[in-house]
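Take a look at the structure set out below.
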């Protein structure tokens, strides 16, 4: 069977790449924010992406358990 990349993984990687590219492109050009604000903004963005990854992984685990339970119930009947 083909090894499928999980949604939680590819979405998280895509968002990490996006946040990193935007940080490299936009933060050095922004002279209105202090360095502290820039670092806080970048840190919070990464934290949000990581929390999203945990939430999506948990959702996938719950869905998998539900599928396994349904399959088990089907086999019993």
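See the values below:
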item	result
Helix axis angle, 7-26 relative to the chain longest principal axis, alpha carbon, degrees	0 degrees
Percent of C-alpha pairs per 5 Å bin, the chain, short to long	3, 14, 16, 16, 13, 10, 9, 6, 5, 4, 3, 2, 1, 0
Sorted by Cβ neighbour density within 10 Å, fewest at the top, the residues 69, 38	69, 38
Likely footprinting exposure, 53, 10, fewest C-beta neighbours within 10 Å first	10, 53
C-alpha long axis of helix 35-76 to longest principal axis of the chain, angle in °	10 degrees
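FYI, it's all coordinate maths here, none of it is from the lab. Quick caveat, the model's predicted, so the values are computed rather than measured. Glycine gets a Cβ as well: all are built from the backbone with ideal geometry, and neighbour counts include every protein chain shown.
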